[in-house]
Ligand SMILES: [Zn+2]
């Protein structure tokens, strides 16, 4: 866009003129103070008469007698002229400084110069990026400069290589601001040209797990994969725990990014001599372009150190209390049923009910059973870390697939329906490094809501056919919503 370039012409011109004026005045000052040197000439230090042909130390012009020979070799300095020039330079600098205080330093820099500064910041939330985004919104950023921003992000820098967490917090954050704009310029489902460099950006994958486990426990590894592919791209993760007897799992994520809730992988029972948990994660991407197929993008191996030893009871101390029970009871939302769609029956919990200080350092792990006239129909496992620092990273769950199929075929209005919650420390340790875990059990009536219409599309699923029949309550647990289930 020529207009965007012309709009920045005053900025470039302003800097050019400023630079020229400061250089000129500084040069004048230097000339005045240092340039008129003797260079072997003998000059009267008072009237600067050339004494090359004069004998002795007395000036024949003004009569001044120099004390010694070196007095005749002094540099002639025009003090006043130099001071005026240096004052002029200072005034220009003060003027530019005042302007930068008024409009911010980024407001004075042309976009291209702002882009040059991007690698200098440690975070992607910096003044230069905010200024560039503002110019983009106002139509003042040229396409060429937008492309330069994208290139700067896909290149990364020495301290922030693509695929690293440093890159994610710096360039990934920048891309998050500009990526939706690129998507809005698409014609139809076809990607906008400037989005194509994003296609091969490696995702940033992190795994986390509790450090200390009892031997024989089934460890939980949380795998989180963030990507900056073109807006709306789907993600497929093939996760293989590198352990004997471990089953690889595949998870599909819809849309922009996998949700904040990571994918939980459970290991086979841990051997007593194990010192780390390792997984191989292969990622595949599919853009929202019509007819696009899954494309492999990256394969990485990740490892997290663990130690095996001690009894479960020595690692985590049970705590109980009415306020704790009440909060957990409030977190059980119940069943929702739609008339159709993927996963038309979902069981919701809201872990944010436990985001209270009474739960600080307390992990929650329980088995939930849905009972029909006292008979167990569906069994779920659920775990998360309570407390004021509650985080989706530490939430996970497992559902009995057969039970859900059975439940979907039953009449939820006939008979007596209840939910039985029983704490289980072997589930609580999956949530993370908590010194304590909630202990308790209760049975409450099952809340059930029939929702009109088709179930919202799930954020993610595991079924190969992509029309999941297996709800994984993790995602819909409302962990990412403070007052209820996210609902897909
Ligand atoms: Zn003289």
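The values are calculated or read from the model by the stated rules, or taken from the named source; none is laboratory data. Owing to the predicted nature of the structure, the values given are computational and were not obtained by experimental measurement. Neighbour counts run over all protein chains shown; Cβ positions are idealised from the backbone, glycine included.
Of all residues in segment 61-71, those being within 11 Å of the ligand (Cβ to nearest atom) and under 12 Å from residue 42 (Cβ atoms) number 1.
Restricting 107, 139, 163 to those that are assigned to a loop (DSSP other than H, G, I, E, B) and surrounded by 14 or more Cβ atoms within 10 Å (Cβ to Cβ) reduces the list to 163. Looking at 50, 36, can you tell me which residue is within 16 Å of the ligand (Cβ to nearest atom), in contact (Cβ under 8 Å) with a residue 12 or more places away in the chain and surrounded by fewer than 16 Cβ atoms within 10 Å (Cβ to Cβ)? Answer to the check: 36. As a summary of the residue check, residue 200 satisfies the conditions (1) surrounded by 15 or more Cβ atoms within 10 Å (Cβ to Cβ); (2) in contact (Cβ under 8 Å) with a residue 60 or more places away in the chain; (3) under 20 Å from the mean Cα position of the chain (by Cα) except for the one numbered (1). Only one of the numbered conditions (1) closer than 23 Å to residue 396 by Cβ; (2) surrounded by 13 or more Cβ atoms within 10 Å (Cβ to Cβ) is violated by residue 287, and that is (1). Scanning segment 308-324 for residues that are within 21 Å of residue 421 (Cα to Cα) and modelled with pLDDT of 90 or more turns up 316, 317, 318, 319, 320, 321, 322, 323, 324. Only one of the listed residues (387, 365) is under 29 Å from the mean Cα position of the chain (by Cα), surrounded by 15 or more Cβ atoms within 10 Å (Cβ to Cβ) and at positive phi. That residue is 387. When 81, 42, 74 are checked against the criterion of being touching a helix residue (DSSP H, G or I) at 6+ places or on another chain (Cβ under 6 Å), more than 30 Å from residue 126 (Cβ to Cβ), within 16 Å of the ligand (Cβ to nearest atom) and touching a residue at least 24 places away in the same chain (Cβ under 8 Å), a single residue qualifies: 42. Residues of segment 166-185 that are over 21 Å from residue 139 (Cβ atoms) and in contact with a helix residue (DSSP H, G or I) (Cβ under 9 Å, 6 or more places away or on another chain): 167, 170, 171, 172, 173.
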